[in-house]
1. Using Cα springs under 10 Å in a Gaussian network model of the chain, which residue among 81, 180, 154 shows the largest mean-square fluctuation?
2. If amide H atoms are built 1.01 Å from N in the plane of the peptide, which residues on other chains or at least 5 residues away come under 5 Å of the amide H of residue 156?
3. With the full set of protein chains in place, find how many percent of the accessible area of region 4-273 is carbon and sulfur; take the probe as 1.4 Å.
4. How large is the accessible surface per residue of the chain, computed with a 1.4 Å probe and reported in Å² as a whole number?
5. Please report how far the C-alpha centroid of region 198-275 lies from that of region 97-158, rounded to the nearest whole angstrom.
6. Percent relative contact order of region 4-273, based on C-alpha pairs within less than 8 angstrom and at least six residues apart?
7. First select every other residue whose beta carbon is under 10 angstrom from the beta carbon of residue 102; then total the charges, Lys and Arg +1, Asp and Glu -1.
8. Can you tell me which of 139, 219, 242 moves the most in a GNM of the chain? Springs connect C-alpha atoms under 10 Å apart.
Amino acid sequence: MTTHHHHHHDDTGMAELLDLDAEVLTEYFATLADWLAPHTGAVHRIADLGAGTGTGTTLLATVCPRAMVVAVDSSPDMLARLRIRAGDRGVTDRVETVVADLDEPWPELGSPDLVWMANSLHHCADPDRVMAQVRAALRPGGLFVVTEMAEPMRYLRDDAPAQAPGLEGRVLAAVGHRARREVPELGADFGPRFTAAGFDLLDERHFTITATPSAPQGRYAQIALSRYREWLDGSLAPDDLRVLDDLLGDGPEALAHRDDLEVRGGRTGWLLRRP
Ligand SMILES: C[S@@+](CC[C@H](N)C(=O)[O-])C[C@H]1O[C@@H](n2cnc3c(N)ncnc32)[C@H](O)[C@@H]1O
């Protein structure tokens with residue numbers, strides 16, 4: 001069986017998409033910063049697990065202006081981008097990167113005050129074991145902050161494109177089967193599992209994501225929908241597939257040229273404390 005996290009054939013698209021998150025989902029990241037701010041007074045050491053290109057790492061380094069952040073990811077390419085981002089934000093001296101697979105024995109994290117996992121817990125083979133490992137790694141009283149997809153990201157208006165209204169819903173349905181098989185923990189209800197792992201639940205929040213139109217939206221949608229296209233299970237009607245390919249191409253219908261995009265989604269955030 002294919003396990004998602006051992007196959008990084010499309011790391012580049014994923015990495016560019018993660019980088020663009022910070023540019024397109026600016027309101028969401030600002031909301032996250034506000035959510036965390038009341039809890040970060042005593043935070044000096046942070047671990048960002050499954051850090052990707054570092055949108056979380058640099059957010060945390062900014063919200064906690066004296067903290068050290070150790071960013072862990074199994075992908076050296078992601079961490080190379082993360083170091084560039086840290087340099088751009090002027091926080092290189094407070095960011096350390098560690099290549100490690102969270103499904104294997106963990107590197108020493110140095111008793112962090114805060115562990116952050118954004119959209120990475122569902123990638124782990126055994127999230128309950130990861131929760132237990134985070135609990136053991138945190139200093140007592142330390143925080144564990146997790147965000148996960150609540151609803152899949154959407155990019156097209158429901159009435160668009162005109163030749164195939166509702167196309168995106170049908171694409172998501174066709175992608176869903178494979179996602180449920182290959183990423184079974186995506187969208188899981190982790191709340192009770194955190195409690196079972198010995199965390200106090202301080203807050204559980206649903207974040208509604210809406211993006212104001214911004215220059216990179218077309219590119220963002222193009223990468224994301226081409227990733228959806230790779231996951232199609234063969235059930236998308238040929239007419240829909242043709243329209244989708246026009247959106248992903250470089251003709252007049254292409255996403256980059258459209259003004260009917262509506263980037264939106266939802267995430268769940270859990271704010272947990274090790275007693
Ligand atoms: C969807 S990305 C999220 C990245 C980042 N946290 C963010 O919010 O932008 C998931 C990340 O988890 C990493 N990852 C997946 N499985 C992993 C594992 N077993 N060990 C370490 N990292 C892993 C991937 O390489 C990828 O960078």
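The values are calculated or read from the model by the stated rules, or taken from the named source; none is laboratory data. All figures in this text were calculated on a predicted structure; none of them were measured in a lab. As a convention, Cβ positions derive from the backbone with ideal geometry for all residues, glycine included, and neighbour counts pool all protein chains shown. Please note that ligands, DNA and RNA were not included when accessible areas were found on the heavy atoms of the full protein model with its side chains. Shrake-Rupley method; radii C 1.70, N 1.55, O 1.52, S 1.80 Å.
1. Judging by the Gaussian network model, the answer is 180.
2. Here the answer is 262, since their amide H atoms fall under 5 Å of that of residue 156.
3. It is 53 percent, rounded to a whole number.
4. About 45 Å² of surface per residue is accessible.
5. Rounded to whole Å, the Cα centres lie 22 Å apart.
6. For region 4-273, the relative contact order is 21 percent.
7. It works out to a net charge of -4.
8. Greatest mean-square fluctuation among the candidates belongs to 242.
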